[in-house]
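Comments concern the structure below.
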Amino acid sequence: MAENPETVLEIDLDALAHNYAVLRSRIRPETRLLGVVKAFAYGSEAKAIARKLEALGADYLAVAYTSEGVFLRKAGIRLPILVLHPQPDGMAEIIETCLEPSLYSPRIFQEFLKTAQALKQKGYPVHLKFNTGLNRLGFRAHDLDWIGSQLRATDALEVRSLFSHLAASDDLDEREFTLGQLKAFEAIVKNWEYPFESRPFNHLLNTSGVFNYPGAQWDMVRTGIGLYGYSNDPETDSLLKPVSRLRTRISQIHKIKAGEWVGYNKGYQSEGLRVTATLPIGHADGIGRQYGQGKGRVYIQGKPAPIIGNVCMDMTMVDISDIACKEGDEVVFFGDGISAEGLASRANTISYELLTGISQRVPRIISGT
């Protein structure tokens, strides 16, 4: 890697520590906190983020897929890791690397049980996911009897937790719907008959749930986007610090005459004399074509520069007609007070998509302790 790459995603671990402290302050001292580090830790850097969360005192980590958990184990992470969406082809690897799967359907339950029995496991920790309204993954409440019968017939598994996921905890206009989910989960917990001595712990809240429904903490909360500095609510965002900063530099400056075109497919036509800057970043780096045509903007010398024409695979053009700058000057997409949510919303998407979409070819630079 070049010592000073033109395009880079900077990861601030001190900002992560700040966000962790804010989230911890919103839950009871005895409530566990799970940090979600799937998708390269929301597009940042999974090893560095996981190590920092481990040092900060997080109780659990979560990933989407087995390969992500295996990656963290190979990096030396020892915290319990919940695999949220395990697939049949990775069941043995889960056990070999001491990951903890979410079992969310009869098929996945039986696949993992078969693997655990074949590997002569006893009391292997698993988590049961229940569907309370998101209708994405999860057992239904009426599956409780079937689950109980399966567990009573084996000693290969031990249920570590019961959990569900909220669909609209960030939208207070959907409070009635969310309260319905809370009630449904409470009923599942109440009707659970555990066939062994220990009692599983329970968890339901995500980042927005922590702020909007603190009374439903149960035994653990799961936080993803909040750790990275966003919350889906401007007031709460003001309490958090973005962990990632995406910046690049101006490669070349052009003076465009009236009537001239810029970019592929004649994506932009100048109505008068304009000055444009070409940046070494494009949709292969995670800045999709939806940010073109004036929808997205970057910041140069603290001033906004709209993206013009169509974003290319490796390059993006911006209008700098009103900005005094030169080739080599820094360009910021988000970070330093520039919200990823703001950039994303102008392209009719969300910060999650923008953050997790930053390509792995963009070098990551870690700062903080």
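The values are calculated or read from the model by the stated rules, or taken from the named source; none is laboratory data. Since the structure is predicted, the reported quantities are computational estimates derived from the model, not experimental observations. Because the Cβ atoms are built from the backbone with ideal geometry, glycine has one as well, and the counts that use them run over all protein chains shown. The accessibility values were calculated without ligands, DNA or RNA, using every heavy atom of the protein model including side chains. Shrake-Rupley method; radii C 1.70, N 1.55, O 1.52, S 1.80 Å.
When each of Ala41, Ala48 is tested for being within 20 Å of Ala17 (Cβ to Cβ) and open to solvent by less than 10 Å² (accessible area, probe 1.4 Å), the lone residue that passes is Ala41. Taking helices (runs of 4 or more DSSP H) as the structural unit, those lying wholly within segment 36-116 and holding at least 1 residues that are in contact (Cβ under 8 Å) with a residue 40 or more places away in the chain correspond to 38-43, 46-56. When residues in segment 61-94 are screened for being over 23 Å from Leu33 (Cβ atoms) and surrounded by fewer than 17 Cβ atoms within 10 Å (Cβ to Cβ), 6 of them pass. Within segment 164-189, the set of residues being surrounded by 20 or more Cβ atoms within 10 Å (Cβ to Cβ), touching a helix residue (DSSP H, G or I) at 6+ places or on another chain (Cβ under 8 Å) and either without any contact (Cβ under 8 Å) to a residue 12 or more places away in the chain or not in a helix (DSSP H, G or I) (or both) comprises Ser164, Leu166, Ser169. Of the strands (runs of 3 or more DSSP E) lying entirely inside segment 232-305, those carrying at least 2 residues that are under 30 Å from Ala167 (Cβ atoms) and in contact with a helix residue (DSSP H, G or I) (Cβ under 9 Å, 6 or more places away or on another chain) are 244-249.
Where residues in segment 206-219 are within 18 Å of the chain's Cα centre (by Cα) and either more than 16 Å from Ile350 (Cα to Cα) or modelled with pLDDT under 95 (or both), which of them is surrounded by the fewest Cβ atoms within 10 Å (Cβ to Cβ)? Once the filter is applied, the top-ranked residue is Phe211. Filtering segment 306-321 to residues that are closer than 16 Å to Gly286 by Cα and not charged (D, E, K, R) leaves Ile307, Asn310, Val311, Cys312, Met313, Met315, Thr316, Met317.
Among the residues of segment 357-369, those that are within 21 Å of Ala284 (Cβ to Cβ) and either buried (at least 18 other Cβ atoms within 10 Å of the Cβ) or in contact with a strand residue (DSSP E or B) (Cβ under 9 Å, 6 or more places away or on another chain) (or both) comprise Ile358, Val362, Pro363, Arg364, Ile365. In segment 190-205, of all residues being modelled with pLDDT of 90 or more and touching a helix residue (DSSP H, G or I) at 6+ places or on another chain (Cβ under 8 Å), the one that is most open to solvent (accessible area, probe 1.4 Å) corresponds to Asn191. Any residue at all in segment 252-270 that's in contact with an Asp or Glu (Cβ under 6 Å, 6 or more places away or on another chain), modelled with pLDDT of 95 or more, open to solvent by 20 Å² or more (accessible area, probe 1.4 Å) and of a type in the set (D, E, K, R)? No, the conditions are met nowhere in segment 252-270. For segment 346-353, does any single residue satisfy the condition of being closer than 18 Å to Glu10 by Cα, of a type in the set (Ser, Thr, Tyr) and buried (at least 22 other Cβ atoms within 10 Å of the Cβ)? Yes, that holds for at least one residue. Within segment 282-334, being over 20 Å from Ile350 (Cβ atoms), open to solvent by less than 10 Å² (accessible area, probe 1.4 Å) and under 23 Å from the mean Cα position of the chain (by Cα) holds for one residue alone: Gly282. Of the residues making up segment 133-163, those that are open to solvent by 20 Å² or more (accessible area, probe 1.4 Å), part of a loop (DSSP other than H, G, I, E, B) and on the phi < 0 side of the Ramachandran plot number 6.
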